[in-house]
Structures are given as structure tokens and as C-alpha cells.
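The values are calculated or read from the model by the stated rules, or taken from the named source; none is laboratory data. All figures in this text were calculated on a predicted structure; none of them were measured in a lab. As a convention, Cβ positions derive from the backbone with ideal geometry for all residues, glycine included, and neighbour counts pool all protein chains shown. Surface areas here come from the heavy atoms of the whole protein model, side chains and all, with no ligands, DNA or RNA. Shrake-Rupley method; radii C 1.70, N 1.55, O 1.52, S 1.80 Å.
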Amino acid sequence: MNSKIDFRVLELLSSRLCHDLVGPVGAVNNGLELMEDDSFGMADDALKLASASASQAAATLQFYRLAYGLAGSRMGSDYATLNQLAVNYLAHTKVDFKWPDLTAPEGLPDNGGKVLLNLVALGVEMLPRGGVITALSGNADTGTFVAVTVSGEQVSIREEVMEALTDNVDTKELTPRNVHAFFTRFLAQQSGTDLLINNSVDGHVQLIVSF
């Protein structure tokens, strides 16, 4: 298991984050410009656009601050905060989020919540037409686990994502489109475990990390 992360991976994660922010930040700017020039009487609509886009940008930053940053390594069992982060992050997507039980299991490591947020983001990539992501955690014979169940009309794991999850992946071949998958598995391996993917016959996919 590699204990260090390649600098190129950090660059790609930054590119991914910037990509997710370009749209809403640009929309905020467009809304403000329309408000300045209200010759078409669109000030109210422009304000709504700017407000919604600002909320989306803030939710994205707050989510990835914990999913990628050092702060997330200390969130562990603060499920209420993690749940709200995920809800806000997915509010502007076609994906619904459910977390039926916000009781953290015994033995959850400090970075357990961080791993779960990354599983959520990985699940979103599998739902190009929207769907539902359900967060789960608990204690099993194999130990404490966190997981997400991904379900939707067209649940799929892109080939390039599967390549990023292989043991012999070359970080030079990673792209902003699959670097998140690589990073999610890296987090699991840093905890001395691994990322397990279960594909069920009814179209559901479950992503599991057991500690």
C-alpha cells in the first residue's frame, strides 16, 4: 500500500473541484451582471439565479473541504453535520440522498465520516440520469463499516473509473474524471482496508469500506 499520494493526484483533485465550481460561480456573475443592467426587467430572476448559484458553490466547497481536506479526518462520528453536508451538496443535482440512521457505530475511526463523504461523491458519478444514494454504517463480523447504496435508472461504473480502482493503476494516466475514485480507494487503504464494490442483479451498486 502506498502511504503517499502523487503530486499529480493533488493537481487533478484541484482540477475536479474547480470544474465543479466554475458553473455556479459563473452563474452568480451572470446574475449580478443582469441585475446591474435591468433594461429587460429581469432583476428578480437574476437575484434568484445568483442566490441559488451562490448556495450551490458554498455547498460544494463545504462538502469537499471535509471530503478532501484535513478537517474531514476529525469528523468521524458527527453524522448530523455530515448528513447536512451531503444533503446540501446534492440539492442541486438529480440525486436524492437518504441516511436512515444517524447513529454512529462503535469503533468508527476518526476518518470514517470522511471516507463516507467520498463514497457519496463516487456514487453520484454512477448516476448520470439521477437516482438515490443511501448511506449506511454499522458493526458486522468483519468490523465497523461505512457504505452507500446507489440506485437509479441507469446505474453504471464507467470503464475509466474501474481502471482508477485497479491495483496497478498508473497515476500518470489518471484524469479529473476518475481521480476521485482513485482518491477514495486511497483513503480506504490508508486505514488498512480497501474499497469493496458489490453489483447486485437489480441494478443497485453498493460501495463498502470495512475498518
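For the reader, a short list of remarks on this structure follows.
- In the chain the Cα-Cα distances spread across 5 Å bins starting at 0 as 1, 7, 14, 18, 19, 16, 11, 6, 4, 3, 1, 1, 0, 0 percent of all pairs.
- Residue among PRO109, GLN56, VAL132 farthest towards the positive dipole end of the chain, charges placed on Cβ: PRO109
- Distance in nm between pseudo-label sites at ALA58 and LEU196 (7 Å out along the Cβ direction from Cα): 4.0
- A straight line joining the Cα centroids of the stretch 135-186 and the stretch 43-99 runs 20 Å.
- Leading residue at positive end of dipole, the chain (Cβ point charges), from HIS204, GLY192, LEU85: GLY192
- Net charge of the neighbourhood of VAL155, taken over other residues with C-beta under 15 Å away and scored Lys/Arg +1, Asp/Glu -1, is -2.
- Rounded to the nearest whole angstrom, the semi-axes of the ellipsoid equivalent to the stretch 151-211, taken from the Cα gyration tensor as √(5λ), stand at 20, 16, 8, largest first.
- Note on the stretch 58-159: with charges restricted to the Cβ of Lys and Arg (+1) and Asp and Glu (-1), its dipole about the Cα centre is near 340 debye.
- Cα-based reach from LYS94 at 19 Å (exclusive), listing aspartates and glutamates while leaving out same-chain residues under 8 positions away: ASP20, GLU125, GLU153
- Cβ crowding within 10 Å averaged over residues, with 62-71, 114-123, 93-102 ranked highest first: 114-123, 62-71, 93-102
- Lys, Arg +1 and Asp, Glu -1 on Cβ, resulting dipole of the stretch 162-202 about Cα centre, debye, nearest 20: 160
- Partners for LYS114 among aspartates and glutamates (Cα-Cα distance below 13 Å; same-chain residues under 8 apart left out): ASP78
- Of all accessible heavy-atom area on the chain, the percent that carbon and sulfur account for (1.4 Å): 52
- All aspartates and glutamates inside 15 Å of LYS48 as judged from Cα atoms, apart from same-chain residues fewer than 8 positions distant: GLU33, GLU36, ASP38
- Calculated FRET value between ALA91 and VAL25, using beta carbons and R₀ = 25 Å, to 0.05: 0.90
- Rounded to the nearest 20, the Cβ-based charge dipole of the chain about its Cα centre (Lys and Arg +1, Asp and Glu -1) stands at 360 debye.
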